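Read through the structure below, which is laid out as structure tokens, and then see the notes.
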Amino acid sequence: MKFVDEAKIYVKAGHGGKGCVSFRREKFVPKGGPDGGDGGKGGDVIFIASESHHTLLDLKYKQHQMAKNGGHGSGNNRTGKSSGNLEVTVPVGTIIKNFDTGEELADLCSPGHTFTAARGGIGGKGNAHFTSSTHQTPRFAQEGMEGEEFTLKLELKLLADVGIIGFPNAGKSTFISRVSAARPKIADYPFTTITPHLGVVKYSDDKSFVIADIPGLIHGAHDGVGMGDKFLKHIERTSLLFHIIDISQEPNANAWANFTAINNELEKYNPALIEKTQIVAMNKIDLPFVRDNVKKEVARFKKKGIILNTFSAVTGEGIREILNKIAEKLDQTGQ
Ligand SMILES: Nc1nc2c(ncn2[C@@H]2O[C@H](COP(=O)(O)OP(=O)(O)OP(=O)(O)O)[C@@H](O)[C@H]2O)c(=O)[nH]1
Ligand SMILES: [Mg+2]
């Protein structure tokens, strides 16, 4: 399914129904009093977050969300029908903004979380309300109030504990498919992953965390090179980044250059991303070329004060140690 993480939509709540002008007509009562009922309330437009939705795709094709108007009042003091609310389901992690000002109105970050985006108008009062000692036959009633209307921008920012970053082909998807039930496509060409994937890691009986696999980054991603950096917004809300490095792609690749190139892209996108704790690990140590370089690369990182972990997403070597470190760091950050 296509992954859509932004949508512009117009919401309009229902108008209140009109109040009614009516007079009682009964046999042998020539001048009955006013009995015009009130109009019913117009429906609200309410957003509701659900785990059954993963993208804003539905809204891309349905940009107008309009609730029904309330029914008009009628004689015999009958109130018009109140219209039901219009519920619009969005994925958990959807942020709702005013389209024109950019002001954030709601962040629906847990399942069942709701936001009333436009309130329906209340119904007008019927003429039965307007009698007084001096005015026995009111021939007027109120109009219903108008429903609110707004143009909104919806932005989905996935909610995960850990975001995986790295160059294309580094083995990000292989890793997530090894540690969770997520099954993104894996292949030996760049940009195999073109949409973010979430995987739940069952770390122990009482502990689990969510990892996000996003499309690979390359030099110039902030200028739109490759898949660009638009997917980085999906790791903005993570507590931790897992940075995967692969030196098997080019003959003279060096892990440090690889590491700084990705960090440079993160910083250009949003300097706050570079402040996040990273667990850094070199993948593919099952390959002889990579294994031969482990000592040298680990020492190079150590000099800079960074621990370079090593693992193989294919054989599983080193993965448990990495999950332990991730769980430990998440504990420290209060997840
Ligand atoms: N030998 C070896 N190959 C690996 C390992 N991990 C991943 N690969 C291979 O590397 C290639 C790329 O793996 P992916 O998991 O698709 O890489 P990715 O980082 O998700 O790539 P993009 O989605 O393109 O960004 C595939 O051919 C994998 O089989 C590993 O530990 N050892
Ligand atoms: Mg991938």
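Kindly evaluate K230 against the criterion of being among the basic types (K, R), more than 16 Å from ligand 1 (Cβ to nearest atom) and either out of contact with any strand residue (DSSP E or B) (no Cβ under 7 Å at 6 or more places or on another chain) or assigned by TED's automatic domain parsing to the domain that holds L323 (or both). Taking the combined requirement at face value, the residue does not satisfy it. Inspection of region 83-106 finds a residue satisfying the criterion of being acidic (D, E), over 20 Å from F23 (Cα atoms) and in a strand (DSSP E or B). If you go through region 116-138 and keep only what is surrounded by 18 or more Cβ atoms within 10 Å (Cβ to Cβ), touching a strand residue (DSSP E or B) at 6+ places or on another chain (Cβ under 7 Å) and closer than 30 Å to L152 by Cα, you end up with A117, A118. Taken over region 172-192, residues that are closer than 25 Å to A327 by Cα, within 8 Å of ligand 2 (Cβ to nearest atom) and in contact with a Lys or Arg (Cβ under 8 Å, 6 or more places away or on another chain) amount to 1. For region 1-16: of the residues being under 26 Å from the mean Cα position of the chain (by Cα) and under 30 Å from R78 (Cα atoms), which is surrounded by the fewest Cβ atoms within 10 Å (Cβ to Cβ)? So the residue we want is K12.
Under 9 Å by Cβ, and 6 or more places apart or on different chains, what pairs join a residue from region 223-246 that is touching a residue at least 12 places away in the same chain (Cβ under 8 Å) with one that is within 14 Å of ligand 1 (Cβ to nearest atom) and of a type in the set (D, E, K, R)? Short answer, once both residue conditions are applied: D229/E265; L232/E265; F242/K172; I244/K172; D246/K284. Here N76 qualifies as polar (S, T, N, Q) and closer than 24 Å to R139 by Cβ. For region 177-187, the set of residues classified as within 8 Å of ligand 1 (Cβ to nearest atom) and at pLDDT 95 or above consists of S177 only.
When region 127-147 is filtered for residues that are aromatic (F, W, Y) and closer than 13 Å to G80 by Cβ, nothing remains. Taking residues in region 178-194 that are on the phi > 0 side of the Ramachandran plot, and partners anywhere that are within 11 Å of ligand 2 (Cβ to nearest atom), the pairs with Cβ atoms closer than 6 Å and at least 6 places apart or on different chains are F191/P168; F191/M227. Looking only at residues of region 35-57 that are out of contact with any Ser or Thr (no Cβ under 8 Å at 6 or more places or on another chain) and of a type outside the set (A, V, I, L, M), we find that the one that is modelled with the lowest pLDDT is H54.
Of all the numbered requirements in (1) crowded, with 20+ Cβ neighbours inside 10 Å; (2) near ligand 1 (Cβ under 10 Å from one of its atoms), I194 misses one, and that requirement is (1). Screening region 159-227 for strands (runs of 3 or more DSSP E) wholly inside it with 1 or more residues that are over 23 Å from the mean Cα position of the chain (by Cα) returns the ranges 197-204, 207-213. Evaluation of G144 against the conditions (1) buried (at least 23 other Cβ atoms within 10 Å of the Cβ); (2) not acidic (D, E); (3) not assigned by TED's automatic domain parsing to the domain that holds G102 shows that the sole unmet condition is (3). Out of G70, G19, G43, G75, one residue alone is over 30 Å from K153 (Cβ atoms), touching a residue at least 24 places away in the same chain (Cβ under 8 Å) and buried (at least 20 other Cβ atoms within 10 Å of the Cβ). It is G19.
Is it true that some residue in region 308-320 is of a type in the set (K, R) and either touching a Gly at 6+ places or on another chain (Cβ under 8 Å) or at pLDDT below 95 (or both)? The answer is no, given that none of the residues of region 308-320 is of a type in the set (K, R) and either touching a Gly at 6+ places or on another chain (Cβ under 8 Å) or at pLDDT below 95 (or both).
The values are calculated or read from the model by the stated rules, or taken from the named source; none is laboratory data. What you see is a predicted model; the values in this text were computed from it and never measured. All Cβ positions, glycine included, derive from the backbone under ideal geometry; neighbour counts span all protein chains shown.
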